[in-house]
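Report on one structure; see the data block that follows.
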Amino acid sequence: MADKNCFSMIVDSRSVNESFVRSVISTFAAVLDPTVEEISDIKTAVSEVVTNCIVHAYPDTIGKIYIKCNTEGNVLTVRIRDKGVGIPDVKKAMEPLYTTAGDERAGLGFAVMQSFMDYLRVYSKPEKGTTVIMKKHISVRYDLRR
Amino acid sequence: MAVEISLSGEVITARLTGEIDHHTAVGLRKEIDNSIEINMPSLVILDFERVSFMDSSGIGLIMGRYKNLSKRGANLNISGVNPRLYKMMRLSGIERIVKVDSPLKGEKFDG
């Protein structure tokens, strides 16, 4: 079983950082030896959270996105926080296909986080910001190195 | 992220390459819509075979093109979808409105 490990970082809410953040987190999770599918699930869910920060939390400004990740046992925990506009009604925002961002957004962000990860909690306060916590259990495979 | 657009008769094939997210979707949207505007196709095929990653921005991209083409009385097909992309497409329910060609269609997925 892997040791406990953690990292944190702060990035600007620029769309070019979407691929950067999902790459960093998937690389960090690689120590747990995830399958291609598990890595894809993590990258997709992370991309949704970071996109939400850019599109919704900081709609007209560049703000900071605060990322903390840890691994413990075979579980990856990802915590992504912003100090943006917040979500007035989290329950409503989490309904599939609900979006306030117009025709080119599918309104699927939270549905993806929910379905691609094993645990999702969203805390938000208007004018204070939003925190998303997600966990993913990585399947334990037989380790040939032992 | 790149898109290679080819025209054959009234059919446009847009071959997407790389990662589709909110950052890259903007440029793809413009290129594809521009080609639709100029060539007035009856069918557009979005080929995902070379797409290595896609988040829900890809679904937004498909939905937007579907709406654009529907207004013109034209059709949209999706091809070359791998299991990871198919998981996203299945979650979105996009198959109910757009024809999706995937070798994995009908198979069950975990999670």
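The values are calculated or read from the model by the stated rules, or taken from the named source; none is laboratory data. The structure displayed is predicted, hence computed values, not measured ones. Neighbour counts are summed over all protein chains in view; Cβ atoms, including those assigned to glycine, are modelled from backbone coordinates with ideal geometry. Each accessible area value is taken on the protein alone, full model and side chains, heavy atoms only, with ligands, DNA and RNA left out. Shrake-Rupley method; radii C 1.70, N 1.55, O 1.52, S 1.80 Å.
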Shielded by partner chains, region A:88-134 residues - at least 20 Å² of accessible area, 1.4 Å probe, vs chain alone: A:ASP103, A:GLU104, A:ARG105, A:ALA106, A:LEU108, A:VAL112, A:SER115, A:PHE116
B versus A: buried accessible surface, summed, Å² (probe 1.4 Å, to nearest 100): 2000 Å²
Inter-chain shielding of B:38-48 (mean C-beta neighbours from other protein chains, 10 Å cut-off): 0
Given charges at beta-carbon only (K, R positive; D, E negative), |dipole| of chain A in Debye: 500 debye
Cα long-axis angle, helix A:36-52 against chain A (0 to 90 degrees, to the nearest 10): 20 degrees
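Which value, in debye to the nearest 20, describes the size of the charge dipole of the protein assembly as shown about its Cα centre when Lys and Arg Cβ atoms bear +1, Asp and Glu Cβ atoms bear -1, and nothing else is charged?
It comes to approximately 600 debye.
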DSSP bridge orientation in region B:2-100 - percent antiparallel, rounded to nearest 5: 30 percent
Å² of accessible area per residue within region B:7-48, as computed with a 1.4 Å probe and no ligands counted: 46 Å²
Farthest positive-ward along region B:2-100 dipole, Cα basis, beta-carbon charges - from B:ASN82, B:VAL26, B:ALA14: B:ASN82
For A:ARG121, solvent-accessible area (1.4 Å; no DNA, RNA or ligand), Å²: 110 Å²
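Rounded to a whole number, what % of the accessible area of the protein assembly as shown do carbon and sulfur atoms account for, probe 1.4 Å?
Ligands and nucleic acids excluded, carbon and sulfur reach 50 percent.
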Average beta carbon contacts from partner chains per residue of A:49-56, 10 Å cutoff: 2
